[in-house]
Structures are given as C-alpha cells and as structure tokens.
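Presented below is the structure to which this report refers.
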Amino acid sequence: MHPAFSVIFLTTLIGAGQGLFLALYTGQLYSLAQLLPVQSEYFYALGSIFALALLVAGLVASVFHLGRPERAWRAATQWRSSWLSREVIALPAAMGLILLYGLFHYLGWTNPLFVVSATLPVDITLIVGALATLASFVLFLCTAMIYASLRFIKAWHSPLTVANFLFLGIASGFMLAAALSAYMGTELVAFYGTWAVIATLLGGVSRGSSLYRNSRFRCKVDMQSALGVHHAQLHQKAQGFMGGSFNTREFFHGKSDAFLLMLRYLFLLMVFVLPVLLILFAYLLESSRLPVAAFVIQYIGLVMERYHFFTEARHPQNLYYQSMA
Amino acid sequence: MLDPTAHSDSDMGRIEVKETTCYMCACRCGIRVTLRDGEVRYIEGNPDHPLNKGVICAKGSSGIMKQYSPARLTRPLLRKPGAERGASEFEEISWERAFEIMEERLGGIRAEDPKKFALFTGRDQMQALTGMFAKQFGTPNYAAHGGFCSVNMAAGLIYTIGGSFWEFGGPDLERSKLFIMIGTAEDHHSNPMKIALADFKRRGGRFISINPIRTGYSAIADEWVPIKPGTDGALLLAIIRELIQTGLYDREFLIKYTNAAELVVDDPQRDDHGLFRRFETHIEEGCFDPENKLWWDRELDREISTHTPGTDPRLLGSFTLEDGTPVKPAMQLLKERVEEYTPEWAEDITGIPAGTIRRLAHEMGVVARDQKIELPIQWTDSWGNEHDSVTGNPVSFHAMRGLAAHSNGFQTIRALGILMTILGTIDRPGGFRHKAPFPRPIPPCPKPPRGPQGVQPNTPLDGMPLGWPAKPDDLFVDGAGEAVRIDKAFSWEYPLSVHGLMHNVITNAWRGDPYKIDTLLLFMANMAWNSSMNTESVREMLRDRDENGEYKIPFIIVADAFQSETVAFADLVLPDTSYLERHDAMSMLDRPISEYDGPVDSVRIPVVEPRGDCKPFQEVLIELGSRLGLPAFVKGDGSRKFRNYPDFVTNYETSPGSGIGFLAGWRGKGGEKFLKGEPNPRQWEMYKENGCVYHYELPRSYQYMRNWNQGYLEWARYHGMTRYVEPITLHLYSEVLQRFRLAAQGKLPGKQPPERLRKRVAEHFDPLPFYTAPLEHKLVDTHHYPINALTQRPMAMYHSWDSQNAWLRQIHTHNYLFVNPKLGEACGFGDGEWIWVESPTSKVRCMARFTEAVEPGTVWTWNAIGKAAGAWGLSPRANESQKGFLLNHLIAEELPPCEAGDHMSNSDPVTGQAAWFDVRVRLYPAGAEEPKQTSPQFEPMKRLPGQESRRGKWQGYFAGRFRRKKEK
Amino acid sequence: MTQLALVIDLNVCVGCHACVTSCKEWNTSGWAGPMTDLRPYDADPSGTFFNRVQTYEAGVFPHTETYHFPKSCLHCEDPPCVPVCPTGASYKREDNGVVLVDYDKCIGCKYCAWACPYGAREIDEKQRVMKKCTLCIDRITDLTLAESQRKPACVLACPTNARLFGDVHDSNSAVSVAIREEGGYQLQPEWGTKPANHYLPRRKTRIQIHEDELVRADNPLKKEQLPTPEAGETLDDVAW
C-alpha cells in the first residue's frame, strides 16, 4: 500500500493522545491508591489538553485523507458494519470525555460524590476518566480493526495489528507523560517512564512478531487465481493504461527493498531501543530533558513504523498491475 | 443522490439521434450519434448496419475525443513570409485567399506541365473523387496510401483470383471449419473480422495463426505457429508441395475454373515460351482472358479446346502438340516448381518444424476434402452447365500486411492465392468469398497512360492515374523505358504498382528524379512522420533548398483536420473537417463496404456543425475544379456545374447518361433503380432514411462461384458493374507476369526495360510463385544486423491516427520495443531497460519490454504511438514524444545501390509495395549516462493559429455542458 | 433475487479495448459522469475508467499463450466493499444486485477500495469520490430505451460478443447457461466474495488427422498416371 501520511499522522497522533490520557488516568488511580503522591489538578488539566490536542491534530490530519471532508459527518452512520464508522464515533467520544476529564480537573470538581467500600472516594473525574478510558480502548480497537479487519491484506489481518496499535499508542502516551512530568518537574517521571518502557517492550514483542509474520507468509491468492488461468508461468504485459491510475498510486509504495530495510532498522531503533535507553539514562542521570528526547525520538520512530506498516501490506489487487506496455 | 433508475438519460437535455458512418479507421461501420444540446452524447454501432451489426470498437467509441480534440485545425494557414518551413510559423488567411493562391499556382502549372502538380492522399476514403480530380487536372502524379499499405495483397490476389481480402473479399467464416490467418498485423481489418472470428470459434471452428507475434487475433488462435518474418512464401510453397504430393488438391475445381489444365508452351528457345498455346480465333480486344486455349484430353490423348464438354483433361504430364510444340499443363509446371520446396527446406528458412508444415498441409487438405459443404442452390456456369448445388471446401484464409510489406510479398501472396485455389476454395461456401464489385477481370480493365504523350497542358490525363497493366505495353514509360510518374509507378522499376508509390514521392521530388515538381498537395497523409520511411531524412528533404536558396519542393499544401507533424512543413494549410461534420460517399467507384451477399455502399451525413472555418476536402476539390475549369466540374460554357459536394455526388455521372455515379443506391428519378440509373435528386434523403447505407442482397444463385457464374456475370454487366460476361479463370499460372519476363528477356516485341532492370524484371516476373529472401536482406550485412523489426498498429489505435485522443492515448501512451527475453539477455539488457536499436539507416533509443509471444529473431513495437514533440495538440512533455518512438527512422526508403540502380525504392520489384517489414536491426543497451528519453528528438512543434489553447490539467467531458463550460 | 452480472469469454476476447472506451463514453455523460481525465494532453495522462483490458502471457516461447483480460467491478454477491463504507455510500441494490456508489454520500475515504481484492474501484481525483462500474445502471433500467438497448455499453459495443449480460440467478438465462456449460469461473474465489461476474476459459479446437485420411481412394493423382506406352518391349516379350 502507498503510505498515506494523513493516516500515518492520524493513527500516531491519536495513539499518543489516547496513551497520554491513559497515563494521566493511571496516575490518578495510583495516587488514589496512595501509591503515588497526589498531583495538582493543573497537571491533569494540562495533560488532558495535551492529549486532546493530539487527538485534534490527528483528526485534522485525517481530514486530508478524505476527498469530501465536508461530508465527514455522514461517516458516523454505518457503525453497525464499518470499523471506520465506529472510529468516527469513538474518536469524538473519547475527545469529549477527555475534554470533560480535563475540564473537571481544571474546575477542581474533585469532591467525592460517594465512597465505595468506605475506602474509595469516587469523584466525577474518576467516573468520566473511566468512561474516557473505555472510549480510548474502544478507539484503539476501532482504529486497529480498520486495518486488521481487511482480510485481503494479510499483513494487517491479525490480532497483532490491534496489539501494536494499543501498545505503541500507550507507549508513546506514557512516554509523553514522562516527558511532561519531567518538564513540569513532578516526581512521576520514573512511574511513567517505567510504564512507558514496559509498553514499549510489549509493543516491541508484538511489532517484532508481526514483522516476523509478515516476512514469512505467502499471499493467499496468486496470479493464477486472480485470472483463473492455471498456468505456472503467467506474467502481465499490459495493465490497460500507461499514465498511472488510482490502482497504481494507492496500492504501491514504490520504494526499494533497501530503503525499506533501512527504514525498518531505523524505526526499530527509534521506537524501541533508543527511548528505553534514554529513559534508563534519565533514571541514572536524573535528567529532565532525556524523557522529552525519548518521546520525540519515539514519536518520529512511530511515524516511520506506521509508514513501514503500509509498505508491508501487499494488496491482492496489485496482481493486476505488474507491467505496462 | 438521484436514483439512477428513477430518470432517463434522455431527460437531461435536448436529445437528437442521427445516423452516419464511422471514420475512426478505414472499417467504415454504421454509427448512431446521440446529441445532447448539440454536443455528442454517445456514439454507438448501428444495429441495422450490415457491416458492424451494432458493435463498435475502441476507436469508434472515442470519436467524441476526436471531435473535441485540441489538435483540430480551424483556419486556413499560410506560412509566414520569411519563416522557415518546418518551424510552424503561420498566419491565418481566408478561404478566398487560399483558393486564390491555389488557383493561380495550379492554373499556371496546368497550362504549362500538369505533372508538376502532385496530389497524394493518405487513408482517405474518397479516391474516386481525388483520383478523378487528378485525371481532370491532367497530372498522373496521384496516388493514395495503398502503395505503402498493402498493395501486394491487392495486386497479388487480384492478379491471381480477381479479388482480394478486406474490401475486396474475405474468408467465409460462417461456414468455414478451418481458418488460417497468416501475416496479419494485429487488427487488419477490424469489426467484421472480430464478429466473424468470435462466431467461428464459438461454432467450434479451428483457428490457426501463423505470425512471428502472438497478439490480437492470434491470441485466441487454437494454435500459434511462429514464423520468421518475410519467409511466409517458403511456408506456403512447401504446403502447396505437400498438398500436390499427397493428392489433397481439388482436381475438379482446378480443371473447370482455373488455368491449371491449360497447356503452356514449354520450350525455352521459343519466343512464346511460357505463354499459353492459343489457337487462332478472332477475339474481341478486351481486358478479359480469351478462352482460345488448350487442354490435353486424357481419352483422346491429344490437345483439345478448353472446356470442351465431356472432356477430362490431364493436369500433369508433358506433351507435344500436333504441330510439334512441346507443352505442359500449368499444373505440371507448378508441380515442378514446388519440387524443391520440401518441408525440410522450408523449416530452415521459416523456423517452423517440417512436421508442423506437413501437418498444416494435411489439416487443410483433409478438411477441404472430407468436410465438403453442399448448399441446395441452383446455378449455371459460364459454359452453360446447370448445377443443382453449390459446393465448398471449408478452409479459409486471411492475410494482410505481414505478407504484403515485404519486397517478396507479391510472389508470397501469389502463393497464397494458389494455395487457396488448389484447395478449391474460391468464392465457395466456407472458403474465400468475393465482395462486389469483385470478382473483376484478371487484371481489371483500367490502364494508366501509355507514355509521356498522355500528359498534355490544359487537358485531362489520357488514361487513369492508377490502373492495372496486363502487358509491357501498358506501362507508363518514356521512350527510354524510364518512368513518367514522379513516384515511378508503372515503370519497369515497379511495373504493377497499381496503388502507386506514395512512399517515394518526397525523395524523388527532392532529388528531381525523374523531374522536379512544383506543388505537392498532401491530404490526410502524415509524410513527415509515421507514413514515411527514413522519417528523419524525409523531414530534411521537405525543407531542403537548392543552390538558389529555393525549396527543392517549391510549394507544399497540406489538407488535414489535425495538427500533424506534416502540417509544420506546409506552405499552405487547409483545415479539413472531422468525420462527424461532413458528407462522404463510400463509393462503388472506390472501395465500397460490400458484403459477400451483394454490393453495399454508404454515406456520411454531417451530425454536427464544422468547427471554426474548417471545410471538407471534397468541397475544396470541387471549388478548385470549378475555378480551374476542369471539364468534369464545369458546364459547356465554363460555368460551375456543381453547387457543392452533395450536389456533385447526386448528379455526377461517369460519362453523360452513363447512369453510374458515386452512389449505387436509390438511383433513377424516383430512387427505384440501383447501381445504374439516372441521378435521383432525393438520393441523400433516401440514404439518410435508411441508416446511411445501401445494401443489395443478390439472389442466392448469384452469391457463389461468381468468377464463372453466368447469371451473376450477366446481372453484373446489366447493372454496370462489369464490362464483360466472360468467365474469370483463376491464374494459377500467370501469363501476365510471363509477358513482362519475356520482354525483359528480349523475346517480346514492344516496350523493353532499361538494361539495368532486365535481370530484375526477368527474375521477379515469374509466372509461378517462388521464394527468394527480401531484397534488403540480400543487400545489407545480415550478420551485423541479425534481427527483424516489425510494427503493428494496436487495435485501440489502428488506422485512427489518433494519439491526441484523450481516451485512447491513455491506453497506449508510449511504446516499447518488444523483445524475446532470450534475445534481450543475449544482447545484454533486461526488461524495461533503455536500449539502442540500430539499422543500416539510422538508430533509435527506446525502452525494451520482454515478451514470450514473439519469435526470438524478431522485435516489434506498436506503430505510430511515438509522436514528435508538440504535435497533435499534445504537450512537448507528453509520453508520446519523450518515451514513445517511431520505428520508421530505421527503415530505408531506398535500397543500397545495386545492379538495378542507385536509387531503387525499398519496395517489392513487382508492385512497388513499401517493404516496411524487411528492415534488419541490431540491439544494444543504452549507456547509463544517457538521458532516459527516446532518440531522435525534434524541436517541439508550436501551436498553430486557430488551434485551441492547451487544455488544463483536468478534462471532464459531459455532453451538453462541455463547450459551454469552456466558453465561460 | 435478481443478480445482474457480466460473463466475459476469454476464449474470444481479442483485447480491442472497445469495452473500455464505450464504457467511458456512455458514463462520462451519464449518471456516473463526468469521468474526469487528469493531464489529458500532457505527460502521464490518467483518467477515471470503470473497465480496463489487460494483457497477460502464459508459458515460454514457442508455447506462449496471450490472454486479454477485461476487468471491471465484479458485483460480488457478498461485496466486501459495502460493509466497510462508513457513510453507506457504497451499496448493493436489492432489486438487481448491482453494487453502486452514491456520489452524494461518498466522502472519498478510499476504504472501500482497500477492501476490494480486485482493484475494481477508482477514485475520481477531480470530484474526489469513489467510482466504479455501474453495469450502466442508467441504461439497463431506462424503460424509454428499446429492450435490446437496455444493456451495458460495453456489452453492446463488444465486437466479439465476449461480454454476456444477464441474471446469474436465473438458471435459464444465457449467462447461467454459459457459466454452466462453458466452465464459467470466478476470480479469487478463495475470499468467498462470490463475484457475480464470471469468466469463461480458453477452449481449444484440435483436428486429429488419421493416416487413412491421407491414403485416399479419391486421390486425384491416380487420374494423372501416365497412359500405357503404345510400343516397346515388355517383360512379356523377353521373359521365359
């Protein structure tokens, strides 16, 4: 597939946004459990604004993918059958809930509404946060399923796709949370950093698995099945046009194997290796800058990873577009 | 959105439906044109048309993009004073000014020496008019594109069976069982062949394709027999040999209907050696083949008049006549001729295994003999024998340029005609069928002028510009035996060049050989590009100057509808109309669209208004003819005779009161007659009411065996189609050719070839087919240039000269050289790489595409996809000029100097057919540092005045809104 | 339920592209139009087409087969492009099974094209909506046209009649008969998309010549055997 930058930015930005929110909420839960010191409302509000900003940026990026963005509202109608439609619902839902979450923190509406089991004070932010968490996970699922549900694209048609979107989104979000904490001088750097490293490593396992899987399978259909001509040596001579078409532009990346190999090593380094090392150094050096660097490097790496994700996908329609004459 | 089922397309605007005839190629299908608010909504096949029965091809369906093409010329143009020819610097002028220029110039030429005016036309469908104009003007220098197209196919078969393929006749696939297509470049001809071929395959017919390349029709063949180019003659002769050896020929057919049993004088010492022995009877001078010849009666064991009732002659043997003359039946001579042509011999030449050749012969022979067709149709032959049925041998053939475009093509095609003849398949069900006005006498009657005296100032030409020589005295030569025509047609160089040699006009005129001309008028012929060989040089010749600084070809007029490459070289440009804007007649006087079952002709009637100031070329000729006072165009008092072209078509008669005119249908005062009858003032209306086509279906008993069908021949004479009710005996043995050979051997009194040509004429005018390698292959170093290079016109572009067509050019935007992978690897390059193709003439750089569907000693490309930069309304960056290429640059228009002369055309020595397919090349990779661009490149052609400014990035055609939107 | 479809006969398709441009011609000025062309007279022209004819080669010289392969939307019975559409613009008609796009609802997200394994959809880059073969829905349902004309433009144009059109659910229709009797098949059947369009395979006609057909009673050479010499010795005269 031809890597679509609008979609690359959409998925990486909202992934980080969702992850960041999840980091905030996780932090809140930890502090509720008194495992972490209580943070200021300002921290949550600011974090939410960051998360929201990422989601909005993702949304804006996605608009560039659409031929007719002015009709985008129609995309919410087919949630019964279309993961894309579901994403279109889940994304604003998550955005709205995160907005409320941040707003309520900002407004300081943290007086417990009720107390569960005499130990757990439940305030409105906790409820909205839980809903937003649910929305975020649903959004991860929807976004990933847009790709994972395409059974013709074997590279994507795998639970690993969902795992990758989830872990890598969470990793980048926690990484950003660590960076924010470091930047704001809170003491949560180690907490977020640790979780970011854990998510990164999980993502490393799942992404590594998908890379391994994708390097080994053969496409279910071949030229013989595509034409219904069962001859061992079957080659296309002419695809019926010569100036290119949607079929040649949308489904081919046109990149060399060497470039893709380099890209793969680079994103593996930037998404998985460097951020983990930087967080480690940040521990050791107690640096407030290295977590920021870790996030930035990982995010850039994720853009490459997503680019690579598209190039991994071999669409069966490409069987019909091999040669021109 | 509007539910598509809830409305009708016809609600979207003001709809009109008009019928006319397509002109996107020379096929001439009937079309229905739907207009919406005056713009072309849809062009579809006319279901009631006999030719295409409702279907339409890729080109026909793209007519809209031709109509609204930005390459259209809309104003008469005159080269700017001082501007270089070829620089595309023009100024708009009025038609009146254009006519004044032509009237003055051509009037002067006509009064002085009419042959200094040359009129050559391309793929036009109005040769009846253009040829007549030339004759009336008095110039012999006229021809259409046939000489570089397929004249070998026309001449080779017409001189053998009195008809040929395509417009002239074709395979009866409706009843055929075995169909062999040999040497057909992709799609020649188009829709009727496609319709018939598909039906044939569905009925279970067996289709064999013999071709170096497997594309197009060959793709669906049951068997592909790859063959080396130019060797088809060897294959056909080996098949003929096998059929004779195994006795798989139709003896009865050969005896009754061919000259196979007729006795030929067989004594090389005698002057009449090789001529039929004729007995003395008074024979009216005519262009038929008199029946005063002899058979050898097997019972009486002596000679006897042919067709003596109750006689069974011998086909084979060697006999001595009563007067001591040694004779042999023509069939015996054929048998002796093919003796050496064994399948093993042919295998070496053609690359086809001997076993395959034998099997092909056996398949043909056995199907012909064992699957005979008998139709319960009564008919009477020329000798008065009544037949209760029409029988046929269901083996049929189709061939075209693959055979024709070689310098040995004429004899190859003679061999094909003879193969079809010995199988007994001529004008019989399941075999080859004629189309009216064929069969015609062998050869047909019209003759060129006999000498320079035929060209006189202010006088129509004495003879036809194009004709059918039957003997040396019919040649158009001067006292020294040299050419009178600028293209040297009908000279000893190319005696039977019945379609002329358009491909040599520019070279000859530039060299002044045989003389200089003044004005060259080109209509619809892209001589500065894909219609010329050695194109780069020809472009130079067009703008070359003599020592006085004058152009060597002083004045060039180009009439065309589009900004072709040739337009740049014009001094005067006449903008022609599109086919949707004009009247036309697909006339019985030219090449009508007849069917096997009877004559058909058709017309075009305008469906839209002409664009800008463009004017149909016919109107130009009629205006010019009237202004110049050419006899056929003016009344006795010199005043104009015809108002316009439609008026001309209605009222013109070949001679006063002849009743024969351009259109065969609805003649007579009230339209009650056909073929022959007084002019009918309502003839156009009647064509219009009938889908623009006239189809006369012959009675069933006249539909077969027409060469010898008394009823048919009488009918044809009655209706003015033929002059004689004489049988048209098939020329298995060609006495016509032998006459030329005898002259070359000094044995026939009358016109004699110049010494340099005696050997050539004697060799090639063999009365029996023979195989010899193409001329160029004998004159160039075939070890240095080991590869054959061919072109084919793709179906989606074929004959439609249409790279500017926005839809079609997306299918073929640029071209590759197709190369067998083994050859490519041997030459050191890979699939898709840039390579050089070099011939003795020139070299081109292009891209290679590997294909397993080509014989490894052959490379090929799609023809005329490559364009010169900026031509045809295309951007100079367009793929056509940057990645597309023209193979023509590699093809020599003249042979290397040889015994026959220093400037012999690269053509068949019999017919002058351009030998496009003889070119030899070598291949090597282009350097990595070289530009990824085809070579040669030319200075981009400029946009012409009156031509639409270039279209933008987007074009969305929607009928009824397209031009309106543009005008906003 | 009716399922309209094309049956394409690869046995007779000669690759002439008539179906390609007749489709463009009808549809550019019809319900689905205009079908815009990008750079129509410049480098790399690239327009919207609903139907393409491709060329393939099988085998190695001299045993090469050349295939011409027309390809357009297959109007799957279980079209994967329809459920993925987020707006409902892609739909399959209940009445005749034709898969269509409502251009007023399409947001041009291209997701349907991703979901089609056949590459049957092309975005119109000017109108920025997805387009595809409509089976000439505005012809085949237009009752103002004569019945013989209520067929897709490509079917009417095809010079080799390689495109049959009809209801594949009607077992008596010409298309069903052709599928049944000529070995009609679907493309990429592995996916279970059940394309309604079918293809008919190449079929070869061969002739077997037997030896006894070459040694013939009617061999005309027998008639040409030379007459008995009138004089001269024979074995009869010299043998004892």
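The values are calculated or read from the model by the stated rules, or taken from the named source; none is laboratory data. The model shown is predicted, which means the values in this text are computed figures rather than measured ones. Methodologically, a virtual Cβ is constructed for each residue, glycine included, from the backbone with ideal geometry; neighbour enumeration extends over all protein chains shown.
For the stretch A:315-323, check the following and say yes or no: at least one residue is surrounded by 22 or more Cβ atoms within 10 Å (Cβ to Cβ), within 17 Å of the chain's Cα centre (by Cα), hydrophobic (A, V, I, L, M, F, W, C) and within 14 Å of chain C (Cβ to nearest Cβ). Looking for residues that are surrounded by 22 or more Cβ atoms within 10 Å (Cβ to Cβ), within 17 Å of the chain's Cα centre (by Cα), hydrophobic (A, V, I, L, M, F, W, C) and within 14 Å of chain C (Cβ to nearest Cβ), one finds none in the stretch A:315-323, hence no. Could you check B:ARG251 against (1) in contact with a Leu (Cβ under 8 Å, 6 or more places away or on another chain); (2) under 28 Å from B:THR722 (Cβ atoms) and say which number it fails? Going through (1) in contact with a Leu (Cβ under 8 Å, 6 or more places away or on another chain); (2) under 28 Å from B:THR722 (Cβ atoms) one by one, B:ARG251 breaks only (2). Candidates are the residues of the stretch B:246-295 that are part of a loop (DSSP other than H, G, I, E, B) and aliphatic (A, V, I, L, M); the one that is farthest from B:ASN393 (Cα to Cα) is B:ILE283. Taken over the stretch C:155-180, the residue count meeting the criterion of being more than 13 Å from C:LEU4 (Cβ to Cβ), touching a residue at least 12 places away in the same chain (Cβ under 8 Å) and not aliphatic (A, V, I, L, M) is 4. Note on the stretch B:661-674: residues that are of a type outside the set (Phe, Trp, Tyr) and surrounded by fewer than 20 Cβ atoms within 10 Å (Cβ to Cβ) amount to 6.
Restricting B:LYS115, B:LYS59, B:LYS18 to those that are charged (D, E, K, R) and within 30 Å of B:ALA869 (Cα to Cα) reduces the list to B:LYS59.
For the stretch C:185-204, the count of residues that are within 30 Å of B:ALA361 (Cβ to Cβ), part of a loop (DSSP other than H, G, I, E, B) and without any contact (Cβ under 8 Å) to a residue 12 or more places away in the chain is nonzero.
Select from the stretch A:52-109 the residues that are in a helix (DSSP H, G or I) and of a type in the set (Lys, Arg) and list them in ascending order. Residues satisfying the conditions are A:ARG71, A:ARG74, A:ARG86.
Take B:LYS669 and tell me if it is of a type in the set (D, E, K, R) and modelled with pLDDT under 95. Yes.
If you go through the stretch C:57-76 and keep only what is within 19 Å of the chain's Cα centre (by Cα) and either closer than 20 Å to B:LEU808 by Cα or surrounded by fewer than 24 Cβ atoms within 10 Å (Cβ to Cβ) (or both), you end up with C:ALA58, C:GLU65, C:TYR67, C:HIS68, C:PHE69, C:PRO70, C:LYS71, C:SER72. Restrict the check to the stretch A:111-124 and report whether at least one residue is farther than 23 Å from A:MET1 by Cα, without any contact (Cβ under 8 Å) to a residue 60 or more places away in the chain and under 19 Å from the mean Cα position of the chain (by Cα). No: the stretch A:111-124 contains no residue that is farther than 23 Å from A:MET1 by Cα, without any contact (Cβ under 8 Å) to a residue 60 or more places away in the chain and under 19 Å from the mean Cα position of the chain (by Cα).
Residues that are buried (at least 21 other Cβ atoms within 10 Å of the Cβ) and basic (Lys, Arg) within the stretch B:466-480 are absent altogether.
Against the definition (surrounded by fewer than 17 Cβ atoms within 10 Å (Cβ to Cβ) and away from chain C (no Cβ under 14 Å)), how does B:GLU19 come out, yes or no? When the stated conditions are applied, B:GLU19 does not pass them. Just one of B:GLY952, B:GLY901, B:GLY912, B:GLY956 is surrounded by 13 or more Cβ atoms within 10 Å (Cβ to Cβ), of a type outside the set (Lys, Arg) and under 30 Å from B:ILE43 (Cα atoms); which is it? Of B:GLY952, B:GLY901, B:GLY912, B:GLY956, the one residue that is surrounded by 13 or more Cβ atoms within 10 Å (Cβ to Cβ), of a type outside the set (Lys, Arg) and under 30 Å from B:ILE43 (Cα atoms) is B:GLY956. Of all residues in the stretch B:854-887, those satisfying the criterion of being within 11 Å of another protein chain (Cβ to nearest Cβ) and in a helix (DSSP H, G or I) are B:TRP872, B:GLY873, B:ASN879, B:GLU880, B:SER881, B:GLN882.
For every residue, the table says whether it meets (1) part of a helix (DSSP H, G or I); (2) more than 10 Å from chain C (Cβ to nearest Cβ).
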| position | (1), (2) |
| --- | --- |
| B:ASP11 | yes, no |
| B:CYS25 | no, yes |
| B:ILE31 | no, yes |
| B:VAL40 | no, no |
| B:ASN52 | no, no |
| B:ILE64 | yes, no |
| B:GLU84 | no, yes |
| B:PHE99 | yes, yes |
| B:ARG105 | yes, yes |
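Being in contact with a Ser or Thr (Cβ under 8 Å, 6 or more places away or on another chain) and either among the acidic types (Asp, Glu) or surrounded by fewer than 21 Cβ atoms within 10 Å (Cβ to Cβ) (or both), is that true of even one residue in the stretch B:303-319? Yes, there is a match, as at least one residue in the stretch B:303-319 is in contact with a Ser or Thr (Cβ under 8 Å, 6 or more places away or on another chain) and either among the acidic types (Asp, Glu) or surrounded by fewer than 21 Cβ atoms within 10 Å (Cβ to Cβ) (or both).
Go over the candidates A:PHE309, A:PHE295, A:PHE272, A:PHE267 one by one and state the one that is within 14 Å of chain C (Cβ to nearest Cβ) and within 18 Å of the chain's Cα centre (by Cα). None of the others qualify; the one that does is A:PHE309. Answer yes or no: is there a residue in the stretch B:860-871 that is within 19 Å of B:LEU790 (Cα to Cα), surrounded by fewer than 24 Cβ atoms within 10 Å (Cβ to Cβ), touching a Leu at 6+ places or on another chain (Cβ under 8 Å) and modelled with pLDDT under 95. Scanning the stretch B:860-871, I find at least one residue that is within 19 Å of B:LEU790 (Cα to Cα), surrounded by fewer than 24 Cβ atoms within 10 Å (Cβ to Cβ), touching a Leu at 6+ places or on another chain (Cβ under 8 Å) and modelled with pLDDT under 95, so the answer is yes. Counting only strands (runs of 3 or more DSSP E) that fall entirely inside the stretch B:492-603 and contain at least 1 residues that are of a type in the set (Phe, Trp, Tyr), the qualifying elements are B:519-523, B:555-560. When B:GLU322 is tested against (1) closer than 22 Å to B:ASP266 by Cβ; (2) part of a helix (DSSP H, G or I), just one condition goes unmet, and that condition is (2). Here the helices (runs of 4 or more DSSP H) wholly within the stretch B:752-828 that include at least 1 residues being away from every other protein chain (no Cβ under 12 Å) are B:755-764, B:775-779, B:821-827. Within the stretch A:230-238, not a single residue is farther than 30 Å from C:ARG203 by Cβ and either away from chain C (no Cβ under 14 Å) or in contact with a helix residue (DSSP H, G or I) (Cβ under 6 Å, 6 or more places away or on another chain) (or both).
Is it the case that C:ILE209 is farther than 23 Å from A:ARG151 by Cβ, more than 12 Å from chain B (Cβ to nearest Cβ) and touching a His at 6+ places or on another chain (Cβ under 6 Å)? It is false that C:ILE209 is farther than 23 Å from A:ARG151 by Cβ, more than 12 Å from chain B (Cβ to nearest Cβ) and touching a His at 6+ places or on another chain (Cβ under 6 Å). Might you check whether a residue that is small (Gly, Ala, Ser), facing chain A (nearest Cβ under 8 Å) and touching a residue at least 12 places away in the same chain (Cβ under 8 Å) occurs anywhere in the stretch C:19-30? Looking for residues that are small (Gly, Ala, Ser), facing chain A (nearest Cβ under 8 Å) and touching a residue at least 12 places away in the same chain (Cβ under 8 Å), one finds none in the stretch C:19-30, hence no. If you go through the stretch B:1-58 and keep only what is within 23 Å of the chain's Cα centre (by Cα) and basic (Lys, Arg), you end up with just B:ARG28. Just for the stretch B:838-853: of the residues that are away from every other protein chain (no Cβ under 14 Å) and closer than 28 Å to C:TYR41 by Cβ, which one is nearest to the chain's Cα centre (by Cα)? Per the stated criteria, the residue is B:VAL844.
When restricted to residues that are at the interface with chain A (Cβ under 7 Å from one of its Cβ atoms) and within 30 Å of C:VAL168 (Cα to Cα), the stretch C:50-64 contains 7.
Is it the case that B:PRO610 is closer than 21 Å to B:LYS59 by Cα and without any contact (Cβ under 8 Å) to a residue 40 or more places away in the chain? Yes, satisfied. C:ASP37 falls short on exactly one of the conditions (1) surrounded by fewer than 24 Cβ atoms within 10 Å (Cβ to Cβ); (2) within 11 Å of chain A (Cβ to nearest Cβ), and that condition is (1).
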